[in-house]
Structure formats: structure tokens, C-alpha cells
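The structure under discussion appears below in the form of C-alpha cells.
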Amino acid sequence: MKSHQLKLYNTLSRQKETFEPINAPFVGMYVCGPTVYGDAHLGHGRPAVTFDTVNRYLTHLGYRVRYVRNITDVGHLTGDADEGEDKIAKKAKLEQLEPMEVAQQYTDTYHRDMALLNTWKPSIEPRATGHIPEQIALVEAILKEGLAYEVNGSVYFDVLKYNNSYKYGKLSGRVLDELISGSRDLDGQGEKRNSVDFALWKNAAPEHLMKWESPWGVGFPGWHLECTAMSSKYLGTQFDIHGGGMDLMFPHHECEIAQGNACNHRDPAKYWMHNNMITINGQKMGKSLGNFITLQELFSGNHRLLEQAYSPMTIRYFMLTAHYRSTLDFSNDALKAAQKGYKKIINGLRIARALEYLPNPEITVDQEQINQVESSIAAAYRAMDDDFNTAQAIGHLFNLLKKINSIFTGQLSSAALGEEVFTKLKETFITFVVDILGLIEEKSDVQESMIELLLKLYSEAKTARDYAKVDEIRAGLKSMGFVVKDMKDKIDWAYEE
Ligand SMILES: [Zn+2]
């Protein structure tokens, strides 16, 4: 384990805390996954990239992370609460499909998009429908504790009673009295003793598509329950990190805490991490606002708000240029700037990989240069150790990149750094870009071979002084996003920035 003082912001305590896993070197991390009834959009991309980067950095530090991210394929109702239709069943009716066909289809497209964003797969990806017995067992346990009640085949969590011994609202900062008075006049309380109570199990009407036998009759589980069932099954009743988007903090995560405490008398997670929301041109993203953009639309540029396509790595890079707890605003200008930044980093990666140490007895070691490299490396780690501040870490990477470029162009001799510092510079840059930030080159091996071939023809045309051909090849490569670099002793290429 590398000796790092990693601090992370815990929503539960509202402050940065030193990260101390319950059972180091093991780390258990649970992140709420998608409800699979539509294409993945920016709101899915951000938590996936955020917690992928957390996973990558913890792994880099030597922790053994078990990352569990669920697939919600039942129980998530259209109102995000206890009323309305099941989101997946609704889509299934619209498209005349089995609910499981809908879930499968959008699980597959979600996986495709997450792979394009170069996120590591979770260690375990449980589905809610695969854990019905576990959810029923939890309902029984909460009933046994006297913290739930049954009405007409549905079971509700008794928030007021729970609050006598525990604190409902401690994660989100919501005050129970205000929640109750705020909803007093609203209809729809129905079977609940109090409007703040939430469903653990819902009785299913005969026409309901997804339903199971239970001790309370035929029904289906409440949305909040699945995360408690699956996190405790695979990570234990108390694990290290629970993550998700800020929009899930209330009521979803608050209810998870209540369920965990009701069953196990302790908080399910030690640290709660929440990524902030995404805006589009300064506006909240929403289907009704017409600014709802799926990841595929971004990758293809096929959306009226987009001036061009933005590659998956541009999107990933863009997300990492903001701290995960800041809001992130998508606009064409910001995305174009991110595309430039990403290409600079990837050009640097190509150079760094090819760069070799050249010993030179005539050159003395330059302590000033060494200090600059060492301090940028330390600062990049400090940024990651400070609540995974990728935005700052990228800034320090650009300082390292300047040194790499200077060595490449011959302005700075690798010998001036000495072999040890030179190697540290090269390896730190590559490790940060590829392993920690998860940024990779997007072109294929075939493209690489084609570029090599074109550069060979370019070189031959140059030797033959066939300048029309030289210009033609140069223009052809440029149209594909590559620039030819005529160097002193060779011809190279780079991504156009
Ligand atoms: Zn969840």
C-alpha cells in the first residue's frame, strides 16, 4: 500500500474525512446503477465515470476494491416514489415487449456505452429481480423489529416510529417535522399511516406485469429495498463507500440508511459520496425541456443542440476536468475545449511512451528542472488525495506534459533530469493518464497501420520532390484529424489539437 493520506468528502458528516477502510486492504463500494428502461444519458455517464475513477485510484493505491453496482429492473415507479407505474413495465407495454426484454435491451446498451467511456466493469452487477427472496427476508426482518406495518398486502416502513430510536434525514439534512407538515395537504397518502412512510413491498394489481409471491400476497418490492438487499448480501451489513448521484440522496439513500439500521442496527456505509448534477447550457437537463441528451447522441453528434460529434474519451475527459462535487455544464464551447485538451494529453501519451533516456556525460544535472518535475508529481497526487480532485490533477499533468514536450523537441535534455527522475516523469504521466484517469487513444490498430503507410508515401514523395503529392497526403490526413510532423531526422504524426 502506498503511503497516502487520502481524504474524501463524506455527505453524512458534511466534511472531508481521512479514508480508513473497515478492513484494509479491502474496500467495499456500492454504487446505485441505472434503471434500465431507456438509453443511457449524461446523468448516467457522470456517476459511472466518477466512481470508476474512485475505483481506479483506490486500486492504484493498492486497495483491493469490490465494486458492486446494481441494475434496477423492477420496482422503480414513474413518480420516483410509491405511486405510479413501474418504469420498465410501462416501456414494455408501449413497445409490446416482455419487461425482461426491455431490461435486457437497455442493460446491453448501458454496458456498450460504459465500455466506450472506458469504465471498468463492476466486480458484481446484481439485478433487483434476481434478489426477490433477499428483499422479502429484509421486509420480514423490519416487520419483526416493529418498524414496518402491513396494509392490504403492502408493507410500509414506519418512519415516525423509526425516528424514535434513529434519525431519519441525517444524510440529506431533511427535517422530519418539515417533511410531514409539507405534505399534510397532499392526497395520495392512501394506506400509509404517514405521508413520509415508504413502501417496502407493494401489493400487485392483477394486470401488473412484474410480480412475485410473498408472505403478504402477490406483489413487488419497493425501489429502495433492492439496494439494501444487494449491498448487504455482497458487501456485508456495513461497508466502506456508498456512491451515487446527488439526486439519489433523498429519499433513496435516506431510506437505505433507515432500512439498514432497522435490520442491522448500524449504518450500511461508512462514507457516502455523491456526484453533482449536469446542466446543459446552464439549464437543468430534462425530457420536457428538450435538452435531454443521450450518450449515443453525443458520440454521434445527432442532436439539435450539438454542433458536432464528441468522442467518448472527450466526454470522459470533460467530466474529469471538473471536480465531481461541482456541477458540470455541457455546451459546445466547453466540449470543444475538452476535445482539444484530450488530444493534447493523448499526443503527450504517444510521445511519453516513445521517449527514451539518452545519457550524455557533457550535460550536468539541472536541479531546478528536477524540482519542478518532482513538485508537479507530488501535486498531482495531492490533488487526487484531496477528495479525488481530478480537475487539479489534470492541471499538474499539463506541467509534466510541458517537460515531456521539451525533451521531445530537444529543448530539455533527458540527461539534465538524470535517469531516475526522467523515468519517474515518464511513468507518472502514463500511469495518471491511462490507469488513474482512464484516458486512452481512440484509434484502432488498423488506423495506426494506415497512418504509417501514408507517412511512408509522404516521405517518398518528399524525397522525389513531388510536392503536389506531399500536399495531398498532408491534407488527407488532416481531414481525418491527424497532422504530419516534419522533424529534423524523421517524420511523425500527432492528433490535431
Ligand atoms: Zn440505490
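The values are calculated or read from the model by the stated rules, or taken from the named source; none is laboratory data. Please read these numbers as outputs of a predicted model, since none were measured by experiment. Every residue, glycine as well, gets a Cβ built from its backbone with ideal geometry; the counts of neighbours run over all protein chains shown. In case anyone asks, the SASA skips ligands and DNA or RNA and just uses the protein heavy atoms, side chains included. Shrake-Rupley method; radii C 1.70, N 1.55, O 1.52, S 1.80 Å.
Annotation: residue 26 carries an accessible surface of approximately 90 Å², with a 1.4 Å probe and no ligand, DNA or RNA atoms counted.
Look at the dipole of the chain built from charges on Cβ: of 479, 425, 272, the Cα furthest out on the positive end belongs to 425. Taking the Cα centre of the chain as origin and assigning +1 to Lys and Arg Cβ atoms and -1 to Asp and Glu Cβ atoms, the resulting dipole is close to 740 debye.
Counting Lys and Arg as +1 and Asp and Glu as -1 over every other residue whose Cβ lies under 12 Å from the Cβ of residue 416, the net charge comes to -3.
Each residue was assigned an accessible area with a 1.4 Å probe, and for residue 139 the value is about 0 Å².
Taking the inverse of the mean 1/r over every pair of distinct Cα atoms in the chain gives a Kirkwood hydrodynamic radius of 25.4 Å.
Using C-alpha pairs under 8 Å with a sequence gap of at least 6, the mean separation divided by the residue count of the chain gives a relative contact order of 15 percent.
Counting only Cβ charges, +1 for Lys and Arg and -1 for Asp and Glu, the dipole size of region 189-253 around its Cα centre is about 120 debye. Simple rule: put +1 on each Lys or Arg Cβ and -1 on each Asp or Glu Cβ in the chain, find the dipole, and look at 253, 293, 349; the Cα lying farthest toward the positive end is 349.
For the chain, with all protein chains in place and a probe radius of 1.4 Å, 49% of the accessible heavy-atom surface sits on carbon or sulfur. Helix-only arithmetic for the chain: the sum of -39500 (n - 2.57) across DSSP H runs with n ≥ 4, divided by the residue total, places the mean residue ellipticity at 222 nm at -14500 deg cm²/dmol. Working note: Cα gyration tensor of region 150-225, eigenvalues times five, square-rooted, sorted largest first, giving semi-axes of 26, 14, 11 Å. Measuring nothing but how far apart in sequence close Cα pairs (under 8 Å, 6+ apart) lie, relative to its length, region 330-425 scores a relative contact order of 39 percent. Work out, in µm²/s and without decimals, the Stokes-Einstein translational diffusion coefficient of region 183-288 at 10 °C, 1.306 mPa s, Rh from Kirkwood over C-alpha pairs. Rounded, D is 98 µm²/s.
Based on alpha-carbon centroids, what's the gap between region 406-479 and region 228-256 in Å, whole number please? Result: 45 Å between the Cα centres. Summary of the geometry: region 322-349 and region 90-133, compared by the centres of their Cα atoms, lie 29 Å apart. With the charge dipole of the chain set up from +1 on Lys and Arg Cβ and -1 on Asp and Glu Cβ about the Cα centre, the Cα lying farthest toward the positive end among the listed residues 369, 40, 198 is that of 369.
Taken about its Cα centre, region 7-275 carries a charge dipole of roughly 1020 debye when the Cβ of each Lys and Arg holds +1 and the Cβ of each Asp and Glu holds -1. Solvent-accessible area of residue 478, all protein chains in place: 110 Å² (probe radius 1.4 Å, heavy atoms, ligands and nucleic acids excluded). Protein-only accessible surface at a 1.4 angstrom probe places the residues 443, 456, 144 in the order 144, 456, 443, largest first. Residue order by solvent-accessible surface for 113, 435 is 435, 113, largest first, with ligands and nucleic acids left out and a 1.4 Å probe. Diffusion coefficient (Stokes-Einstein, Kirkwood radius over C-alpha pairs, 25 °C, 0.890 mPa s) for region 445-495: 224 µm²/s, rounded to a whole number.
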